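Asker: Attaching a single structure in structure tokens format; questions to follow.
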Amino acid sequence: MEVYDLIVIGGGAAGLVTASGAAQLGAKVALIEKDKLGGECLWTGCVPSKALIEAGRTKRKIDLAQKKGFEMGPVQVNFARVMAHVHETIMEIEPHDDPERFRKMGIRVIQGYARFTGHDRIEVNGETLIGSRFCIATGGSVVVPPIEGIKDVPFLTHENFFDLRKQPKHLIVIGAGPIGCELGQAMARLGSQVTLIETLDCVLHNDDKELSCMLHGYLDEEMTIHVGTRAMQVSEKDGTIKLRCQRGDESFVVEGDALL
């Protein structure tokens, strides 16, 4: 049985930084990842979202330039090409998270699912590894809100959003945290109608209240935002998604062709 100073479970941003830092300090390190190195940041989070945001920002600058007197024809968004650019950006960054790069640091990289079999040992692919220290950096998973009918409706999360190739005409976003706001704004700038639904009384509610209120004002210029609103029931027919919402005593329905 191999003995390691540090065993890192999870090859996302936190796991990779921890493993490489320890290895460069002379520790004997094993890094275990059940899928691909890079984690959410590379494949479904930071990298693709910022590439999409930059595309939206470019379109926004062009639109504003025309309002300021620069004459040009209407700009057409080729959404499939935009998303291809997003994936090209992922592949440009991917070599930095390539397993061989970490193996050259002296780290043993193992693809597999790890489970603890004792206080100082894990099992992966039928092999037992012993560690003096462990870092559990397995990240999180999507929690689907308990909305009536949600299991019968096609919906997007950050895990499959970047697989889109056809641009939604009207994107409904449930949740006005960082992911909902940034993806909603990017899609609005690329030409989709976007409606943002938030249960609490402001967008980005974990941030400074004064700042979130200020940002709410800016975002409200680009998409429709309903705060203090609960998504109650959702259904889909012939490609149209209907989301019934409740705000105080008021009930209303938002219709779209994609739900995030």
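Asker: What is the Cα centroid distance between segment 221-243 and segment 156-201, reported in whole angstrom?
Answerer: Going from one Cα centre to the other spans 11 Å.
Asker: Roughly how many Å² is the accessible area per residue of segment 115-232, as a whole number, for a 1.4 Å probe? Walk me through the intermediate numbers first.
Answerer: Working: 6530 Å² over 118 residues.
Accessible area per residue, segment 115-232: 55 Å².
Asker: Pairing the Cα long axis of helix 13-24 with the longest principal axis of the chain, what angle in degrees results, from 0 to 90 and rounded to the nearest 10?
Answerer: For helix 13-24, the angle is close to 30 degrees.
Asker: I'd like the orientation of helix 209-219 relative to the chain: the angle between its Cα long axis and the longest Cα principal axis, in ° from 0 to 90, rounded to 10.
Answerer: On a 0 to 90 degree scale, this one is about 60.
Asker: Taking springs between alpha-carbon atoms closer than 10 angstrom, which of VAL86, VAL77, VAL194 fluctuates most in the Gaussian network model of the chain?
Answerer: The residue with the greatest mean-square fluctuation here is VAL77.
Asker: Under the rule a/c < 1.5 gives rounded, and otherwise a/b versus b/c splits prolate from oblate, where does segment 190-229 land using the Cα gyration tensor?
Answerer: Values: a/c = 2.62, a/b = 1.46, b/c = 1.80.
In terms of gyration-tensor shape, oblate.
Asker: Per residue of the chain, what 222 nm ellipticity follows from adding -39500 (n - 2.57) for every DSSP H run with n ≥ 4, rounded to the nearest 500?
Answerer: Values: 7 runs with 82 residues, N = 260.
Calculated from helices alone, the mean residue ellipticity at 222 nm is -9500 deg cm²/dmol.
Asker: In percent, what relative contact order does segment 1-124 have, based on Cα pairs under 8 Å that are 6 or more apart in sequence? Write out the running numbers ahead of the final one.
Answerer: Working: 143 pairs, mean separation 39.5, N = 124.
Relative contact order, segment 1-124: 32 percent.
Asker: Heavy atoms only, probe 1.4 Å: what % of the accessible area of segment 181-242 goes to carbon and sulfur, would you let me know?
Answerer: On the way: 1410 of 3170 Å².
It is 45 percent, rounded to a whole number.
Asker: Kindly give the semi-axes, whole Å and largest first, of the ellipsoid equivalent to segment 110-257, taking each as the square root of 5 times a Cα gyration tensor eigenvalue.
Answerer: Numbers: eigenvalues 277, 78, 51 Å².
Over the Cα atoms of segment 110-257, the semi-axes work out to 37, 20, 16 Å.
Asker: For ASP207 and GLU236 in one chain, what is 0.36 nm times their gap in residues minus the Cα-Cα distance, to one decimal in nm?
Answerer: Working: separation 29, 0.36 × 29 = 10.44 nm, distance 3.39 nm.
The ASP207-GLU236 span can extend by a further 7.1 nm.
Asker: Which residue fluctuates most in the GNM of the chain (Cα springs below 10 Å): ASP249, ASP208, ASP35?
Answerer: Of the options given, ASP249 has the highest mean-square fluctuation.
Asker: Still on this model: When the solvent-accessible surface of protein heavy atoms is calculated with a 1.4 angstrom probe, in what order do LYS28, LYS59, LYS34, LYS67 fall, highest first? Could the numbers behind the result be given before it?
Answerer: Details: LYS28 90, LYS59 35, LYS34 140, LYS67 170 Å².
Greatest to least solvent exposure: LYS67, LYS34, LYS28, LYS59.
Asker: Here is a further query. Calculate how steeply helix 46-67 sits against the longest principal axis of the alpha-carbon atoms of the chain, using the helix alpha-carbon long axis, and give the answer as 0 to 90 degrees to the nearest 10.
Answerer: With both axes taken from Cα atoms, the answer is about 30 degrees.
Asker: Here's another thing I want to ask about it. Ignoring GluC sites (Glu not before Pro) that are buried or in helix or strand per DSSP, and keeping those with at most 13 other beta carbon atoms within 10 Å, what is the longest stretch of the chain between them? Provide the component values of the computation, followed by the final result.
Answerer: On the way: sites that count: GLU71, GLU159, GLU221.
No qualifying site falls inside 72-158, the longest such stretch.
Asker: Cross-link list LYS36/LYS169; LYS166/LYS242; LYS209/LYS242: which exceed 22 angstrom alpha carbon to alpha carbon? Each step should come with its number before you reach the end.
Answerer: Numbers: LYS36/LYS169 32 Å; LYS166/LYS242 19 Å; LYS209/LYS242 31 Å.
With Cα atoms farther than 22 Å apart: LYS36/LYS169; LYS209/LYS242.
Asker: Let me make sure I get this right: for segment 182-255, a, b and c are the square roots of the gyration tensor eigenvalues over alpha carbons, sorted descending. Under 1.5 in a/c it's rounded, otherwise prolate if a/b > b/c, else oblate. Which is it? All intermediate terms of the calculation are to be shown ahead of the outcome.
Answerer: On the way: a/c = 2.64, a/b = 1.31, b/c = 2.01.
Verdict is oblate for segment 182-255.
Asker: Right, next: Among rounded, prolate and oblate, which fits segment 82-178 when a ≥ b ≥ c are the square roots of the eigenvalues of its C-alpha gyration tensor, a/c under 1.5 means rounded, and a/b larger than b/c means prolate? All intermediate terms of the calculation are to be shown ahead of the outcome.
Answerer: Values: a/c = 3.23, a/b = 1.60, b/c = 2.03.
It is oblate, given that a/c is not under 1.5 and a/b is not larger than b/c.
Asker: Related question: So how compact is segment 95-148: Cα radius of gyration and Dmax in angstrom?
Answerer: 15.7, 51
Asker: Among THR224, GLY69, ILE241, pick out the residue whose Cα is farthest towards the positive end of the charge dipole of the chain, where Lys and Arg carry +1 and Asp and Glu carry -1 on C-beta, about the Cα centre.
Answerer: GLY69
Asker: Any chance you could look up the accessible area of ILE53 with a 1.4 Å probe, heavy atoms only, rounded to 10 Å²?
Answerer: 30
Asker: Provide ARG189, ARG133 ordered by accessible surface of protein heavy atoms (probe 1.4 Å), highest first.
Answerer: Values: ARG189 55, ARG133 160 Å².
Accessible-area ranking of ARG189, ARG133, largest first: ARG133, ARG189.
Asker: Also, quick follow-up: Which residue fluctuates the most in the chain, going by a Gaussian network model with Cα springs under 10 Å, if the choices are LEU171, LEU37, LEU211?
Answerer: The residue with the greatest mean-square fluctuation here is LEU211.
Asker: Express in Å², to the nearest 10, the accessible area of HIS170 obtained by rolling a 1.4 Å probe over the protein heavy atoms while all chains stay in place.
Answerer: Looks like 30 Å² after rounding.
Asker: Checking a compactness column here: for the chain, what do you get for Rg(Cα) / (2.2 N^0.38 Å), N being the number of residues? List each step's numbers first, then the result.
Answerer: Numbers: Rg = 22.2 Å, N = 260, 2.2 N^0.38 = 18.2 Å.
Compactness ratio reported: 1.22.
The values are calculated or read from the model by the stated rules, or taken from the named source; none is laboratory data. This one's a predicted model, so the numbers in the text were calculated from it and none came from an experiment. So basically every Cβ, Gly included, is an ideal-geometry build from the backbone, and we count neighbours across all protein chains shown. Keep in mind that these areas ignore ligands, DNA and RNA; they rest on the heavy atoms of the full protein, side chains included. Shrake-Rupley method; radii C 1.70, N 1.55, O 1.52, S 1.80 Å.
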